[in-house]
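Down below is the structure, laid out as C-alpha cells.
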Amino acid sequence: MASVNFPVCTSIGYGAFQHGYSLINISFPNCTSIGGYAFAQCSSLTTANFPSCTTIGDYAFQYCTTLTSISFPACTFIGYAFGYCYNLLSLYLLGSSVCSLAGVNAFVGTPIFGYTSSTGGVYGSIYVPASLLASYKTATNWAAYSSRFVGV
C-alpha cells in the first residue's frame, strides 16, 4: 500500500522509481517531464496522476503490469513508454494539440497495441478531444492505432 504525492516535483529523473514494487497510486500534479525507466517495473501501480506532464521518456512505465488507465492532459511527446503494460485499457490525451509518438511500439504488449490475453479479449482505447480525432488517426505513428481512438 504505497501512495505517493509529490506536489512540487517538476521533473522525474531516469530510473527514479524503477522497481518500486509497492507503489500503487502516484500523483505528480506539477511534473512536466518523466525520464526513461522512471516507473519501469512498478508492477503494483494501478493509478497515476500527471496533469501537467508534457514529455514521457522511453520505457518510463514499461512492465507496469497492473496499470489500467492513465491520463496526460498536457502531453506533447510520448517515447517508447508503455511496453508490456498488460492491462492498460485507457489512455487519456485530452490536450489541445496532437501529442507526438516516438513509434508504434510505444504500446507493445498492451491492449492498446493488440495484446488482450490478460483482459479477456478486450482492446484498449485512446481518448482524445473530438476536435482532434481525425488528426490523431492520420498522425505519424498514431495511424497504427486509428481503431483505438475515441473522441470525447
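No value in this document is a laboratory result; all are computed from the given coordinates. These numbers were taken from a predicted model, which means no experiment stands behind them.
Of the residues 24, 56, 34, the one that moves most in a GNM of the chain with alpha-carbon contacts below 10 Å is 24.
Each residue of segment 56-73 is assigned a 3J(HN,Hα), and the resulting list reads 10, x, 4, 6, 4, 10, 4, 6, 7, 6, 9, 5, 10, 8, 8, 10, 9, x Hz, derived from the Karplus form 6.51 cos²θ - 1.76 cosθ + 1.60 (θ = phi - 60°), x at Gly and Pro. Under a 5 Å amide H cut-off, with hydrogens placed 1.01 Å from N, residue 23 pairs with 44 among residues at least 5 apart or on other chains. What the phi angles of segment 130-140 give under the Karplus curve with 6.51, -1.76 and 1.60, with θ = phi - 60°, is a coupling list of 4, 5, 10, 4, 5, 5, 5, 5, 10, 5, 3 Hz, glycine and proline written as x. Set the Cα radius of gyration of the chain against 2.2 N^0.38 Å, with N its number of residues, and you get 0.95.
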